[in-house]
1. Go through (1) in contact with a helix residue (DSSP H, G or I) (Cβ under 7 Å, 6 or more places away or on another chain); (2) at pLDDT below 95; (3) in a loop (DSSP other than H, G, I, E, B) one by one and return the number of the condition residue 172 breaks.
2. If I filter region 153-167 for residues that are in a loop (DSSP other than H, G, I, E, B), farther than 26 Å from residue 61 by Cα and either under 20 Å from the mean Cα position of the chain (by Cα) or modelled with pLDDT under 95 (or both), do I get at least one hit?
3. Just checking, does region 181-191 include any residue being closer than 27 Å to residue 36 by Cα and without any contact (Cβ under 8 Å) to a residue 24 or more places away in the chain?
4. Quick check, is residue 222 touching a helix residue (DSSP H, G or I) at 6+ places or on another chain (Cβ under 8 Å), closer than 15 Å to residue 169 by Cα and not in a loop (DSSP other than H, G, I, E, B)?
5. If a residue must be assigned to a helix (DSSP H, G or I) and under 18 Å from the mean Cα position of the chain (by Cα), how many such residues does region 195-219 contain?
6. Among what's in region 81-91 and is out of contact with any strand residue (DSSP E or B) (no Cβ under 6 Å at 6 or more places or on another chain) and in contact (Cβ under 8 Å) with a residue 24 or more places away in the chain, pick the residue that is nearest to residue 271 (Cα to Cα).
7. Out of (1) in contact with a strand residue (DSSP E or B) (Cβ under 9 Å, 6 or more places away or on another chain); (2) assigned to a helix (DSSP H, G or I); (3) at pLDDT below 95, the odd one out for residue 178 is which?
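The values are calculated or read from the model by the stated rules, or taken from the named source; none is laboratory data. Being a predicted model, the structure only gives us computed values, none of them experimental. Note that we place each Cβ from the backbone using ideal geometry, even for glycine, and neighbour counts take in every protein chain shown.
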C-alpha cells in the first residue's frame with residue numbers, strides 16, 4: 001500500500017513502518033487464509049514476503065515450510081527475528097531476490113501455489129511479476145494475487161480535506177510509474193500471463209466506530225499518507241498546510257462515534273493450464 005520511488009519504498013523499513021505492517025497483517029491474515037483454502041501439503045512460494053507473517057500462516061496451514069522472496073535485507077532480518085521469537089524459524093525459507101525474476105530455474109514448474117499480496121502496485125510492470133509466478137507453478141498450480149484498488153476507499157462522515165489528501169496519495173503512485181488501481185486489473189493480468197482465471201473476490205478491510213479495528217485502520221491510513229508526505233508535498237501535489245490540516249482531520253476521525261471505514265482488498269486467482 002506504499003509508494004515506491006527509485007527502487008525503494010518511501011515508507012522505509014524503520015521500526016515504526018514494520019510495526020504498521022505487523023498490525024496490518026493482524027487485520028488481514030485470517031480472511032486471506034480462509035480464501036486460500038489450503039488443505040495441507042502444498043508447496044508454496046510467496047512473492048514479496050515482507051515481514052513473513054502471512055508466509056508463516058500459510059506454512060502452518062500447509063504443514064510445510066514456505067519459500068518467501070523478499071528484496072529488502074531489513075525486512076528479511078525482521079521477519080527472521082519475528083519467526084525466531086515465535087519459535088517458527090523452520091516455517092520460513094526466506095530468499096533475498098527480485099519478484100520480477102522469481103524462483104531459480106531449477107525450481108520452475110514445481111510449486112502448487114504462487115502468492116503475492118501488495119506487490120503489483122509497487123512495480124512498473126505487474127505483468128512481468130505475474131509471468132514469473134506462472135513459471136514457478138506446475139501445470140494445474142494456482143496463482144493468487146491480492147492487491148489494492150485505492151479508489152474504492154470511502155470514509156463516512158467524510159473528514160474535511162481527506163478526499164483530496166487520498167487523491168494526492170494516489171497521484172504519487174502515478175508519478176513514480178506505479179498503479180494505484182492495479183486491484184481492478186488482477187484478472188486481466190492473470191489472463192495475459194497465460195493463466196486460466198478461476199475466481200475473484202473482495203476481502204473486506206473496514207470497520208465502524210465501536211469495533212477495535214476501526215482505530216487501527218484509521219491509524220494505518222494516517223501512517224501511509226504521512227510516509228508519502230515528501231512525495232506529495234515535495235512534488236507539489238498538495239501544499240504543506242493542506243496536507244497537515246487534512247491529516248489532522250483524518251486523525252480526529254478515529255474518535256467519531258458514528259464513523260465508518262469502507263475498503264476491500266482485491267483478490268483474484270487462476271490456474272496454470
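1. Against the list (1) in contact with a helix residue (DSSP H, G or I) (Cβ under 7 Å, 6 or more places away or on another chain); (2) at pLDDT below 95; (3) in a loop (DSSP other than H, G, I, E, B), residue 172 comes up short only on (3).
2. Within region 153-167 (the criterion being in a loop (DSSP other than H, G, I, E, B), farther than 26 Å from residue 61 by Cα and either under 20 Å from the mean Cα position of the chain (by Cα) or modelled with pLDDT under 95 (or both)), the answer is yes, since at least one residue qualifies.
3. Yes: region 181-191 contains one or more residues that are closer than 27 Å to residue 36 by Cα and without any contact (Cβ under 8 Å) to a residue 24 or more places away in the chain.
4. It is true that residue 222 is touching a helix residue (DSSP H, G or I) at 6+ places or on another chain (Cβ under 8 Å), closer than 15 Å to residue 169 by Cα and not in a loop (DSSP other than H, G, I, E, B).
5. Within region 195-219, residues that are assigned to a helix (DSSP H, G or I) and under 18 Å from the mean Cα position of the chain (by Cα) number 5.
6. In this case the residue turns out to be 91.
7. Unmet condition: (2).
So that you can scan it fast, the table gives a plain yes or no per residue for (1) modelled with pLDDT of 95 or more; (2) out of contact with any helix residue (DSSP H, G or I) (no Cβ under 8 Å at 6 or more places or on another chain):
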site	(1), (2)
65	yes, no
69	yes, yes
75	no, no
88	yes, no
95	yes, yes
103	yes, no
109	yes, no
116	yes, no
119	yes, no
